[in-house]
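Reading through the structure tokens given below for one structure.
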């Protein structure tokens, strides 16, 4: 029997899924803002460690501009790749442990983390589970700390798990993993975006969002600071303002605000 409502729902679901899977890499090429070339505060070689974790379905290339900026500021950076669609959060945290411990071997130097989207959830799982003795600060970029309404919708149509695997199931708003992190014992700063290049996903999300995650869902109980920038979810790690604010929080424990304009002015003032 012809069922137009069911047909339209199926078509809508596949369009949405294709946007989720394909839009991010395309958007990164078309909309990514370059990292500002500016006068920055650097620190001595042998500075603090920073581990970068990309989001689900992405690769270390998505964090490359942030990696380069942090290196330029004097940090030692590990831009870690991982099988985001193959394992759950606990397994991903366990699998990253040998790389992180080998990288951050000097315990007299602070170990900071920056995670984009699901990458921040992997980071929070890692820190909560293994409690590094030299833990520094954590920055979460567009992370669905309260779950994702888009994940909820795709899960209902039964294809989300096949595409995004075990960790994808832990992005649901109903999943109790968000109750297991507890209040952070470390300083965590959260950056949210309020721009979207995915109107279909934004239609499913209540309130302001970055095209994948609502601003409300980015909050973490016990966060040290929270800021909303004009950035979309897909290109957030390469957004100039996001890169500058991330570096500022790592160094000082709070966001700079208006960081792009200030660093640009400093660059133009250089003789």
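The values are calculated or read from the model by the stated rules, or taken from the named source; none is laboratory data. For clarity, every value in this text was computed on a predicted model and none was experimentally measured. Glycine gets a Cβ as well: all are built from the backbone with ideal geometry, and neighbour counts include every protein chain shown.
Summed over segment 65-79, the residues that are out of contact with any helix residue (DSSP H, G or I) (no Cβ under 6 Å at 6 or more places or on another chain) and closer than 21 Å to residue 97 by Cα give a count of 3.
Could you tell me whether residue 28 is modelled with pLDDT under 50, out of contact with any strand residue (DSSP E or B) (no Cβ under 8 Å at 6 or more places or on another chain), assigned to a helix (DSSP H, G or I) and closer than 19 Å to residue 114 by Cα? Against the criterion (modelled with pLDDT under 50, out of contact with any strand residue (DSSP E or B) (no Cβ under 8 Å at 6 or more places or on another chain), assigned to a helix (DSSP H, G or I) and closer than 19 Å to residue 114 by Cα), residue 28 qualifies. Sort out which residues of segment 52-65 are touching a strand residue (DSSP E or B) at 6+ places or on another chain (Cβ under 8 Å), surrounded by fewer than 24 Cβ atoms within 10 Å (Cβ to Cβ) and at pLDDT 95 or above, and write them in order of number. Scanning segment 52-65 gives 60, 64. Going by the structure shown, is residue 237 modelled with pLDDT of 90 or more, under 15 Å from the mean Cα position of the chain (by Cα) and under 17 Å from residue 119 (Cβ atoms)? When the stated conditions are applied, residue 237 passes them. When segment 83-95 is filtered for residues that are in contact with a helix residue (DSSP H, G or I) (Cβ under 7 Å, 6 or more places away or on another chain) and either surrounded by fewer than 21 Cβ atoms within 10 Å (Cβ to Cβ) or closer than 17 Å to residue 133 by Cβ (or both), the ones remaining, listed by number, are 85, 86, 87, 88, 90, 93. Just checking, does segment 211-230 include any residue being surrounded by fewer than 19 Cβ atoms within 10 Å (Cβ to Cβ), out of contact with any strand residue (DSSP E or B) (no Cβ under 7 Å at 6 or more places or on another chain), at pLDDT below 95 and assigned to a loop (DSSP other than H, G, I, E, B)? Yes. Looking only at residues of segment 80-110 that are outside any helix (DSSP H, G or I) and modelled with pLDDT under 95, we find that the one that is nearest to residue 66 (Cα to Cα) is 82.
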